[in-house]
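Note sheet for the following structure.
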Amino acid sequence: MFLLVLVFAVFVRIQYRLDLGSLLLSPGRDRILAVSRLIALQLPNTERKDWDRLLAGYTSTTHASARLFNAQGTQLAGPPVTLPQAVLAEVRRDHGPPMEPPGMGHPPPPPPFPAFLVRTISPTRYWVGAHVPVFDRSAMSAHEMTLVWTFPSLWTSSFLFDSTPWLAAALVVILVSAACWLPLIRGLTHSISQLTAATGAIAEGKLETRLSLRRHDELGQLSEAINRMAERLSGFVHGQRRFLSDVAHELCSPIARIQVSLGILDQRAQDNQKKYVDGVQEEVEHMSGLVNELLLFSRAQLNTPTTPLIHVNVAETVRRVLGREAGEGAPVETHLDERTEVLAHPEYLFRSLANVVRNAIRYAGERGPIVISAQEKDGMVSITVADQGPGIPEAELEAVFKPFYRPEYARQRETGGVGLGLAIVRTCIEACGGTVQCRNRSPRGLEVEIKLPIAQP
């Protein structure tokens, strides 16, 4: 809009020899001419010595000083002043043939050239001149004279420039623009916010997210493209998970047969051969654990609980976990309310807590007590498992929940698993409608927090 106004102003200035100032000051110029003509009518009926007082009487209403000059540039009335050369040239300019005397009872004819505007600097002054005919009763003729008005500023003078209509016009333009543009802008911003929320959800792994924009413009095409992208990503990811699940399932049977065969071989092996059989059994046990965790992880991703979420007692689940995972030399403290219940799938919550407690015992069981607590806040139950181990580097706090990711210190078989434990935790907890995160404690230790919806009685 600003560029359009600028182009229009340049066109008007070139085509019609007008500038923005002349357009804005046209009403003020008309007022100057009207007052100047009124003064020209009063001058013949006023004594020559009272002309200064007559001009001074208009100073309070116009906020400008008025001076009267003849065609030669000689000042006839008003405060004494030396005219700048540009103003003096306008006063002395020839404005046409001599005027005929007006008839009796008729007003003087209008001047052929109504007004001029000159700006001077040091100090800044605006000189507005109005050429008026003044009737000389003694000579019965009209003489061309010029009333020169001096303003310190154009825009601050309410007599020369009235800002009220321009402010009203600007307000109308703003209101009309707002009425025309706000619905469009609101529609655009609403659609863009929907696109942003959908792409953010897809980036977080919620591939079932779809957009329902009913638009026929570029944003509508973009929403359709995002829907197609999410659908294809969902197909790829689901296929990958299905493949992982099928492979893990198919490996279970041959591993089980190998274990049975090794058991028979162990019974028939001689004493000097048992160490080799034990080594193979250890490798097969490790492979079996890997396949079992892989199968559990893939099933948790593919199959959300078929039964609805039910009330699960947190304290009872923790006791089951500790009964299986806690061992000698790993003290565990619990701060739990027996009445605290969450909405979850019982098996998924048990597996999640078991994996977290197992990791805490494995990496920090000998460094201090492991504390398990639960608190209710804002309709959620926060279950925390805190240890006093070495913690995790800050850059890896989020990465540990990725499948097959293990920190550097846990890459040995003796100290680390296969990197699926916390990935299974996140998958199971999110399937129950909750969240899981971990953070380092001060001065040392790691805290894993699981948040689940509270079970309302």
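The values are calculated or read from the model by the stated rules, or taken from the named source; none is laboratory data. Nothing here was measured: the structure is a model prediction, and the numbers come from that model. Heads up, the Cβs are rebuilt from the backbone with ideal geometry, glycines too, and the neighbour counts pull from every protein chain shown. The accessibility values were calculated without ligands, DNA or RNA, using every heavy atom of the protein model including side chains. Shrake-Rupley method; radii C 1.70, N 1.55, O 1.52, S 1.80 Å.
A viscosity of 1.567 mPa s and a temperature of 4 °C, combined with the Kirkwood radius over Cα pairs in Stokes-Einstein, give a translational diffusion coefficient for the range 194-281 of 75 µm²/s.
Between the entries [x] 21; [y] 27; [z] 57, the label attached to percent of Cα pairs over 39 Å apart calculated for this structure is [z]. When the residues MET380, MET145, MET1 are ordered by accessible surface, computed with a 1.4 Å probe over the protein chains alone, the sequence from largest down reads MET1, MET380, MET145. The heavy atoms of SER442 offer some 120 square angstrom of accessible surface to a 1.4 angstrom probe. Accessible area ranking (1.4 Å probe, heavy atoms, ligands and nucleic acids excluded), largest first, for ASP30, ASP217: ASP30, ASP217. Once the chain from GLU250 to VAL280 is taken as fully extended at 0.36 nm per residue, the excess over their C-alpha distance is 8.7 nm. Relative contact order, whole percent, for the chain stands at 9, derived from Cα pairs under 8 Å and 6 or more residues apart.
Accessible area ranking (1.4 Å probe, heavy atoms, ligands and nucleic acids excluded), largest first, for LEU309, LEU76: LEU309, LEU76.
Candidate membrane-span-like segments in the chain, meaning DSSP H helices with Cα atoms spread over at least 18 Å of their own axis and a Kyte-Doolittle mean of 1.6 or above, are 2-16, with no membrane implied.
Here is the tail figure for the range 224-367: Cα pairs spaced more than 27 Å apart come to 49 percent of all pairs. Taking all protein chains as they are arranged and a probe of 1.4 Å, the heavy atoms of ASP278 leave approximately 80 Å² accessible to solvent. Taking the accessible area of the range 311-412, probe 1.4 Å, and keeping the other protein chains in place, the carbon and sulfur fraction comes to 46%. The calculated FRET efficiency for the pair THR156 and GLN221, based on their C-beta separation and a Förster distance of 56 Å, comes to about 0.55. With both labels modelled 7 Å from their Cα along Cα-to-Cβ, the VAL173 to HIS335 distance reads 6.6 nm.
The lysine pair tally for the chain, using Cα distances under 25 Å and a gap of 8 or more places or different chains, is 4. The residues of the range 210-274 expose on average 76 square angstrom of accessible surface per residue, using a 1.4 Å probe on protein heavy atoms. For the chain, give me the percentage of DSSP beta bridges that are antiparallel, rounded to the nearest 5 percent. Bridges in the chain are about 95 percent antiparallel. In whole Å, what is the distance between the alpha-carbon centres of the range 225-279 and the range 319-382? Taking the Cα centre of the range 319-382 as reference, the centre of the range 225-279 is 29 Å away. Treating each Cα of the range 39-81 as one equal point scatterer and applying the Debye formula with no solvent, the log10 of I(q)/I(0) at q = 0.24, 0.29 Å⁻¹ comes out as -0.86, -1.14.
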